[in-house]
Structure formats: C-alpha cells, structure tokens
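Each remark here refers to the structure printed beneath this line.
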Amino acid sequence: QDDLFKNVVSHAKEYGFIFPSSEVYDGLSAVYDYAQNGVELKKNIREYWWAAMVQLHDNIVGLDAAILMHPTTWKASGHVDAFNDPLIDNKDSKKRYRADVLIEDYCEKLQQKANKEIEKAKARFGDAFDEQTFITTNARVVEYLEKKKAILQRMAKSLDAGELDDVKALIEELEIADPDTGSKNWTEVRQFNLMFGTKLGASAENAMDLYLRPETAQGIFVNFLNVQKSGRMKIPFGIAQTGKAFRNEIVARQFIFRMREFEQMEMQFFVKPGDEMKWYEYWKETRLNWHLSLGLGREKYRFHDHEKLAHYANAAADIEFEFPFGFKELEGIHSRTDFDLKAHEQYSGRKMQYFDAEENKNYTPYVVETSVGLDRMFLAIFATALTEETLEDGSTRTVLRLPSVLAPTKVAVLPLVKKDGLPELAKSICDDLRWETTVAYDEKDAVGRRYRRQDALGTPFCVTVDHQSLEDQTVTIRHRDSMQQERVKIVDLAGIIHSATSM
Ligand code: ATP
C-alpha cells in the first residue's frame, strides 16, 4: 500500500499532474501546484460537481465570495475560539505533532494487531471461519479492541473538557514515542488555532487583523439574504460555491489529502425549521449517488455517521473513501441548524430572516450543508484510476483509467509515421476536433510508445492516421481501457468522441 501511494505521487509528478509548490526552493510543506494535466482534471471535477449541483437544480444558484472577509465573521462562526487542534512538541527532536493523531496512530497499531490475529485464524480455519464470532470471542482480539476503544474514549473526553494535561498523561502512559526519533520526552499539550492570519492596511497602528478563510461556507451565510432577495429565491433553496480555503494544518503528510491551501466545493441548502432531517437524508443519498456516477466502485465508499457533533450541528455524516492509506473522509454532510445565520444576526445586528409568504411569517432558516474537498476528490479519482496491467504477451502497461468525462485530454491524434503527408492530415484533424474537445498531437517515437504515454495520461482515445487514411478518409480509433481499435470515417470522429466523453 505504501508502494501504491508512492506510485501515485511519482506518477502525478512525472506526467505533469501535480508538483510540490516552489520546488526550486525545496518545496513548501503541504502546499502543491497543479500542472498542465492536473489543472484540466481538477477543472473537469469542479465542472462535474457544478453541473450536478447548480445546472441540474432549479433552486440552487452559484456564488463566488471573496477569500478575505470581515474579521467579525470568524468570531461569529466560532472559528476564532474553537477551530483548534491539540498540539504537542517533542523536547529532544523539537518536532511538532497533533496529540490526537499520535494517540489515534497508537490505536491503529492495536487494530493492526487484532487484524493479524484474524488473518492468522482465517488461514488456519479456511471456509469454516466465522469472522464475527472470532472477533467477539478470541481473548487477544477482544483485548486489543477493548483497549483501543477505551483509549479513544478517554482522549475524546479529555479534549471535550479541555483537559489537555490528561491528553498528555495518556501519551505518557501509553509510552508513545516520537515517530521520527523514538524519543518520549514531550512538552505540554497546547491548543493551536488553524486559521492563517494576515493584515489589511499599510501602517502598523491602523492595520486590521484578517484571516484567510478556513472554509467557503461563511461567504454563503453572510450573503444569504442578498442572494435570496436579488434572486427571488423561495425556501427550500441552495447556494453553491467552489473556492480556496486555508488551514495551518499540523499533520501534513498525505500528499494532497491534507493541504494548507486547498479547494472546497460547498453547498448550503436553506430549509424550513423542522424539515432539516428530511433534507439531510436527501442530500446524503444524492451526494453518494453523485460519487457513484463516476464508476470507481460502490465498495470504495461508506458512510460514517458522527456521534460527536460540532457545536453548530444536529446531525452529521461523512462520505468516506478508500484511499491508498485506508478509508478517510472525502465529503461531509452536516445539518447545521440555524447556528450560523443566528450568530451573524447577533454579531452584525442585522436581521437575517426569511419571510415565508405561504405561511405568512418570518423565520431563520435551517441549513443542510454538503462540503467536499476538490483536492481529495482529485486524489480519490487519480489513485483509483492508476493501474498496472499485465497484458497477454506478459508485458505490463500503466494505465490511468480516469472516467472519460474527467480526462484532461479526450483524444490524441497520431500520424503513424513522420512523412508522406501523414503529419499534415493528422494536424488538420486536430484543428477540426479542437473546437469540440481537448486534443493532443504527438508524432515522437514509435506509435506503440505513444499509445502507452496516452494510457498513462488517461486519454480515452487515440486516433491514428495511416496511409489508408489518405486514400479513403478513415482512421483507426483506439480505446484506452480495452485497447481495441476500429476503423472509422474522419467525419464521424467528433460525434464518437463527444458522445463518449461528455456529461
Ligand atoms: P478532516 O477531519 O479530514 O480534517 P474536516 O472534518 O476538518 O476534515 P471539513 O471542515 O468538514 O473537514 O471540510 C469539508 C471538506 O473539505 C472535507 O471533507 C475535505 O474533503 C476537505 N478538506 C478539509 N480540510 C482539508 C485539507 N486540509 N486539505 C484538503 N482538503 C480538506
């Protein structure tokens, strides 16, 4: 699995999808740049989301609010006081870790021990093995799992109560060592706010402290009435937004899974109080179906319903995805009650209520939110698509099986040889297709190697121009996944490619 993940990172770099930020200066930790192919894939994911949320819903409209917002926004939202991670330093190595993550990693090791026992028993008992019974009756497995549960409960309780000394005591009691150096010499646990601060204004006395937004949602809340009134929106309705968010993450080690600068795709759905659970269920199902429509496989997704809720929520679930490093949050669906609108009302002194003409009364709407990370979507799709195949002749090929609708380049046009007028015909085909779709032209190397390169880039179609093309205006079209080739008329190309690669 580690190897698989390393492959993902190196493939992303080698084929021009993702580079470390400012790499000439050895990079900036947990910040990345999207390269020529990555930017296309990312744009296509964003558009696929936007089409499903805004274009296909009569009652959802878009917004592009600014990254910088009035600082009181973050007071009202609770981010100034409560957007913290517990942080601990190692005195010897001077390295900094998230205390809860250290404890969770320890629990993960207990889980792995339990899994090992289960695997051993499975191998020993074969078909007769009943996993569920084994997990609940085998003394060692029970011990590992009970211990894990107890540790996590103690940590959650201490964090909730703000008893950071207890969190430290737990780390010491478990004898958790610095993952990098093995040292067990820890400092106190401190709360660390994840927002990035910046300043507005030139002179030191007059400068105003600002934050880079840690989520896009607040831009939607403060604009709620502007959009509702100017768009004559009737409840229930939604506002959708994609854009950058910033968090000064402490643990930043899973490539684009956890970044300091990342992009969110969020939608806030405003409903009548009391209707929120109905819409919460609706959006859970609708969002899962959107993910499934990409065809990565049902077994890659699962729901995780939150027992412990954030201060603003009355129900919350994650859609988790099986990344190369295990099941992790991909999207959050939150029933946020009227917390945010009420808070902005209180801090701004302005009414943020909706007049319901049917009921002839004013109320503060409840909100159901769907929030997915664009970069996490990118990683989910990219890592799942990247496959090594052994072909019939024993050779291997690397193919990026991206959903065709998301592929950066839909078709590559390749002259079989670099002479006899084939490049000219291939280029004129490119020029025609360019109006319909994204095209690449490649004449370098043998055609087999060019196919492999397009496979690795995820291009669903290769069109090859050969000598017969000059005579009868036909070409071969090769399908990335099956490697099947068929002969088609040049005039039919645009239609074939368009119908296979559009939403
Ligand atoms: P996590 O528990 O993984 O830190 P979160 O619960 O803080 O995530 P939310 O605040 O609910 O995440 O944000 C909504 C979505 O934004 C997440 O589901 C995730 O896809 C994305 N996201 C959050 N933080 C990051 C990050 N640092 N890098 C990339 N994507 C992120």
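Yes or no: LYS361 under 30 Å from VAL101 (Cα atoms) and either of a type in the set (Lys, Arg) or more than 16 Å from the ligand (Cβ to nearest atom) (or both)? No. The set of residues in the range 269-289 being crowded, with 20+ Cβ neighbours inside 10 Å and under 23 Å from LYS43 (Cβ atoms) consists of ARG287 alone.
Counting just the residues of the range 331-345 that are away from the ligand (no atom under 12 Å from the Cβ) and part of a strand (DSSP E or B), which one comes out nearest to the chain's Cα centre (by Cα)? Residue satisfying both the conditions and the ranking: SER335.
Got at least one residue in the range 310-330 being assigned to a strand (DSSP E or B) and more than 14 Å from the ligand (Cβ to nearest atom)? Taking every residue of the range 310-330 in turn, at least one turns out to be assigned to a strand (DSSP E or B) and more than 14 Å from the ligand (Cβ to nearest atom).
Annotation: of all residues in the range 207-224 being among the aliphatic types (A, V, I, L, M) and out of contact with any Leu (no Cβ under 9 Å at 6 or more places or on another chain), the one that is farthest from the ligand (Cβ to nearest atom) is VAL222.
Residues checked against (1) under 26 Å from VAL8 (Cα atoms); (2) in a helix (DSSP H, G or I); (3) outside the structural domain of ALA51 (by TED's automatic domain parsing):
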| site | (1), (2), (3) |
| --- | --- |
| LEU425 | no, yes, yes |
| CYS430 | no, yes, yes |
| ARG449 | yes, yes, yes |
| ALA456 | yes, yes, yes |
| VAL463 | no, no, yes |
| GLU486 | no, no, yes |
| GLY495 | no, yes, yes |
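Being under 33 Å from the mean Cα position of the chain (by Cα) and surrounded by fewer than 15 Cβ atoms within 10 Å (Cβ to Cβ) is a property that GLY182 has. Being among the charged types (D, E, K, R) and modelled with pLDDT under 95 holds for only one residue in GLU424, GLU436, GLU443, GLU471, and it is GLU436. Count of the range 238-253 residues, restricted to those that are farther than 26 Å from LEU225 by Cβ and near the ligand (Cβ under 10 Å from one of its atoms), is 6. Consider the range 28-53 and keep the residues that are in contact (Cβ under 8 Å) with a residue 24 or more places away in the chain and of a type in the set (Gly, Ala, Ser). The one that is nearest to THR286 (Cα to Cα) is ALA52.
Number of residues in the range 237-268 that are closer than 25 Å to PHE325 by Cβ, of a type outside the set (Phe, Trp, Tyr) and assigned to a strand (DSSP E or B) equals 7.
Among the residues of the range 73-89, is any farther than 23 Å from ARG260 by Cβ and surrounded by fewer than 19 Cβ atoms within 10 Å (Cβ to Cβ)? No, every residue in the range 73-89 fails to be farther than 23 Å from ARG260 by Cβ and surrounded by fewer than 19 Cβ atoms within 10 Å (Cβ to Cβ). Any chance the range 20-27 includes a residue that's farther than 21 Å from ALA456 by Cβ, in the same structural domain as LEU294 (by TED's automatic domain parsing), of a type in the set (Phe, Trp, Tyr) and free of Cβ contacts under 8 Å to residues at least 12 places away in the same chain? Looking through the range 20-27, at least one residue is farther than 21 Å from ALA456 by Cβ, in the same structural domain as LEU294 (by TED's automatic domain parsing), of a type in the set (Phe, Trp, Tyr) and free of Cβ contacts under 8 Å to residues at least 12 places away in the same chain. Restricting to the range 346-370, what's the tally of residues that are surrounded by 19 or more Cβ atoms within 10 Å (Cβ to Cβ) and either at positive phi or assigned to a strand (DSSP E or B) (or both)? Looking only at that region, the number is 6. The set of residues in the range 215-262 that are over 20 Å from TRP283 (Cα atoms) and among the aromatic types (Phe, Trp, Tyr) comprises PHE246, PHE255, PHE257, PHE262. Evaluation of ASP92 against the conditions (1) surrounded by 12 or more Cβ atoms within 10 Å (Cβ to Cβ); (2) closer than 30 Å to ALA343 by Cβ; (3) not polar (S, T, N, Q) shows that the sole unmet condition is (2). The residue list GLU389, GLU320 contains one member that is free of Cβ contacts under 8 Å to residues at least 40 places away in the same chain, in contact with a Phe, Trp or Tyr (Cβ under 6 Å, 6 or more places away or on another chain) and either under 30 Å from ARG480 (Cβ atoms) or among the basic types (Lys, Arg) (or both), which is GLU320. For ILE171, the stated conditions do not hold, so it cannot be described as under 24 Å from LYS351 (Cα atoms), away from the ligand (no atom under 15 Å from the Cβ) and either in a strand (DSSP E or B) or in contact (Cβ under 8 Å) with a residue 40 or more places away in the chain (or both).
Is it fair to say VAL399 is within 16 Å of the ligand (Cβ to nearest atom) and assigned to a strand (DSSP E or B)? No: the conditions fail for VAL399. When ASP166 is tested against the conditions (1) acidic (Asp, Glu); (2) under 23 Å from PHE83 (Cβ atoms); (3) surrounded by fewer than 12 Cβ atoms within 10 Å (Cβ to Cβ), the lone failure is (3). Residues satisfying the criterion are absent from the range 389-396 (criterion: more than 18 Å from the chain's Cα centre (by Cα) and within 19 Å of ASN226 (Cβ to Cβ)).
For the range 293-305, the criterion of being more than 16 Å from the ligand (Cβ to nearest atom), at pLDDT 95 or above and part of a strand (DSSP E or B) is met by none of the residues.
The values are calculated or read from the model by the stated rules, or taken from the named source; none is laboratory data. What you are looking at is a predicted structure, and each value in this text was computed from that prediction instead of being measured. Cβ coordinates were reconstructed from backbone atoms using ideal geometry, including for glycine residues, and neighbour counts include every protein chain displayed.
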